[in-house]
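Encoded as structure tokens, the structure appears first; notes follow it.
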Amino acid sequence: MRILLVEDEAPLRETLAARLRREGYAVDAAADGEEGLYLGREVPFDVAIIDLGLPKMSGMELITTLREEGARYPVLILTARTSWQDKVEGLKTGADDYLVKPFHVEELLARLNALVRRATGWSKPVLECGPMVLDTTAQTVTVNAKAIDLTSYEYKVLEYLMLHAGELVSKADLTEHIYQQDFDRDSNVLEVFIGRLRRKLDPDGEIKPIETVRGRGYRFAIPRTE
Amino acid sequence: MRLGSMSLTARVVLSAIVALVTFLGLTGYALERAFYDSAVREMQDRLRSHIHAYLSGSDVSVAGELILPEVSPDPRFDIPHSGLYAAVKGGTNRWRSSSAIGLKLPFDAELARNEERFIGPTDTPAGRVYAESMGIVWEVPNGQPLPLTFHIVEDDTHLRGQLQVFRRTLWIWLTIAAVLVVAVLLTALRWSLMPLRRVERDVARIERGSLELLADDYPTELRTLTHSINDFIDSERAQRIRNRHRMGDLAHSLKTPLAVIRNALENPNESAALEHVVSEQVRRMDDIVAYQLSRAGTAGHTTFSAPVSVSGVAEELVGSLEKVHAARNILCEFELSPDACFFGDRGDLMEILGNVLDNAFKWADRRVLLSTRSIPGRRRDGLEIQVEDDGAGIDDVEIEGILQRGVRGDERVEGHGIGLAIVDNLIHDYRGELQVINSTALGGACFQLRFPALN
């Protein structure tokens, strides 16, 4: 998942970004509204976290502009203001959820998780495709009720593919949404991950969950059960 | 200068001057007119009496010739161009006084018996004149009656002199009267405006702090104003005290958690618990700040406030809440009475409804029901709001814990969110009440908010 984080308070921005990266998100952080707008236009994000009180361009303006320019990804606003008037205004400009400062990072992670799921059309935190079940809250995967042990990156790749089950996901999409900017995109690390995932999920080659579309990318082939 | 910003003194003086000029001008004109009329009438009487004098001193000869008195009734008849002229005309008789010789005067008319005519002013070569003419018939013994017309003409020299003297006297006195009236008026004005100057002085003293409130002994017309100023001063003072208390409350209530954290830091033996202590106290401080912030932002009960439509606020809030709780597919139904209005601050209503609805969305299984009803009142309608959900409901013991009635921000029991305590406080500020009962319609909890009507 690729996240846009716009927060002017440096200590909060840095600890949040570090924590989100540890959780397996690819994070692009901006310190003010204008930088946020630049990133928001250039990069196909899965979700954005935007602080309302920003220098150069306010959070409300940033959200309004991004929405006007067609950005569809969910937006979560951070605000120090507790009044309902402020919350309602923020949500009216096009945000999808809000979190009042100070907050617990766990709460933020749960909200992000839910926003991404909802944006890809899943209403429950547990994604079910045939025999495969991925729990986005516990970050566990089972095949035919048998737990599969995955690394953090493997999990993220699978989660992304399952969230977009049935859709074609290009290699570029996958690298952009999973990895940090400095990642070497020419290497065949992705193919290695996919290969490992296939062996772990389907050692006998019976269910064939991940399909390779030659020259174009991958597709999660098992239809959604939900 | 714009008329609206003209000073009170200027307004009064200006209108007084307009009124005085109009009044004195009309008075002067009317008096002059009346004096002229009476002077002309007096002149007519005088001319008539000259005719009578001529008549009484005259005789008619047997031959029918008029014999005029030897001595004229007024010496001016004998002085040429003296301004007073006489003439008689009738039959073969044609006479004019020595004063009129050589002058063309209106002596031509012949009047019937007892006919009298007064004309003037008429412009003639002898100047502007007034003429009295009278027709008579002289009975001649053993002869034909003799018809005669007497004419007396006088120019306006005398009349003009009279008028000039009158006019001068009149305008001198009218001017004196005007000056006196203006002087009295200015004094009265100064006297009437004195209370206003006093208000100004007293307000300045209140600003400097040497006076508490405006006194109660102002003229009746000003009392509404001074009372309003006093109310305003009172409420501003109360607000300042409230703010100071809130600042104090906030600072003091933050001291306890700070003390706990410092204590934990100074006892390194229990360092394992440090993280837990700090995180717990941070949560507590966050609650305190949120609570005090909500108190600082509220407007509270006011005597005069515009009605706020509940449905508008409710729709905005539910729109937002449905977005936030989108994953749970909760359906919020409305049963809104169109005339249900909240008399107070829109932000306060949003805070109250927002917290109650958010709570309902959190606990609901599938459905939330918002209903409003207006309670009729004579001066102002009351309002009843019900928010119900189909969740598990709340028992009585929990209710006290949730609302934390009568408990100060820093003394609240831990473990509950602060939203409903804020709501309860706000409703009390509006002299309303909050009850939590079981919902008969949906089976979960029912929050009943009631703002009384004013009678």
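The table for this structure:
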{"item": "Rg to Rh quotient for the range B:128-267, alpha carbon positions, Kirkwood Rh", "result": "1.76"}
{"item": "Hull volume in cubic angstrom per residue (convex hull over the Cα atoms of the range A:2-119)", "result": "90"}
{"item": "Contour minus Cα-Cα distance for B:L8 and B:V140 (0.36 nm per residue)", "result": "39.3 nm"}
{"item": "Of the DSSP H helices in chain B, those whose Cα atoms cover at least 27 Å axially and whose Kyte score averages -1.0 or more", "result": "B:8-57, B:157-208, B:220-266, B:271-297"}
{"item": "Mean shadow area of the range A:126-220, taken as a quarter of the surface of its Cα convex hull (nm²)", "result": "6.0"}
{"item": "Estimated Rh, chain A: Kirkwood, alpha-carbon pairs, angstrom", "result": "18.4"}
{"item": "Label-reachable residues, the range B:190-205, where backbone N falls under 14 Å from a point 7 Å from B:I233's Cα toward its Cβ", "result": "B:198-205"}
{"item": "Neighbouring partner chain Cβ atoms per residue of B:320-331, average, 10 Å criterion", "result": "4"}
{"item": "Ellipsoid semi-axes in whole angstrom, largest first, where each is sqrt(5λ) of the Cα gyration tensor of the range A:59-130", "result": "23, 17, 9"}
{"item": "Shape call, the range A:1-66: gyration tensor on alpha carbons, a/c limit 1.5", "result": "oblate"}
{"item": "Theoretical gain in end-to-end length, B:H252 to B:K323 [0.36 nm per residue, Cα-Cα removed]", "result": "21.8 nm"}
{"item": "Rounded to whole Å, sorted largest first: equivalent-ellipsoid semi-axes of the range B:235-297, Cα gyration tensor", "result": "32, 11, 4"}
{"item": "Protection proxy ranking, peptides B:356-364, B:57-65, average beta carbon neighbours within 10 Å, highest first", "result": "B:356-364, B:57-65"}
{"item": "Hydrodynamic radius (Kirkwood) for the range B:242-382, which is based on Cα pairs only, to one decimal in Å", "result": "18.5"}
{"item": "Global form of the range B:61-104, assessed from the alpha-carbon gyration tensor, a/c cut-off 1.5", "result": "oblate"}
{"item": "Highest-first arrangement of B:107-113, B:316-322, where packing means the average Cβ count within 10 Å", "result": "B:316-322, B:107-113"}
{"item": "Estimated FRET transfer efficiency (B:R431, B:E335; beta-carbon r; R0 22 Å; 0.05)", "result": "0.35"}
{"item": "Value in Å of the Kirkwood radius, where the protein assembly as shown supplies the Cα pairs that are averaged", "result": "36.1"}
{"item": "Average partner coverage of A:78-87, which counts Cβ from other chains inside 10 Å", "result": "6"}
{"item": "Loop-located chymotrypsin sites (Phe, Trp or Tyr not before Pro) in the range B:148-237, at most 16 other Cβ atoms within 10 Å (DSSP)", "result": "none"}
{"item": "Three-way shape call for chain B based on the alpha-carbon gyration tensor, with the a/c threshold at 1.5", "result": "prolate"}
{"item": "Longest segment of chain A lacking trypsin sites (Lys or Arg not before Pro) that sit in a DSSP loop with at most 15 other Cβ atoms within 10 Å", "result": "A:73-184"}
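Only the coordinates and a few stated rules stand behind these numbers; no lab work does. All figures in this text were calculated on a predicted structure; none of them were measured in a lab. Every residue, glycine as well, gets a Cβ built from its backbone with ideal geometry; the counts of neighbours run over all protein chains shown.
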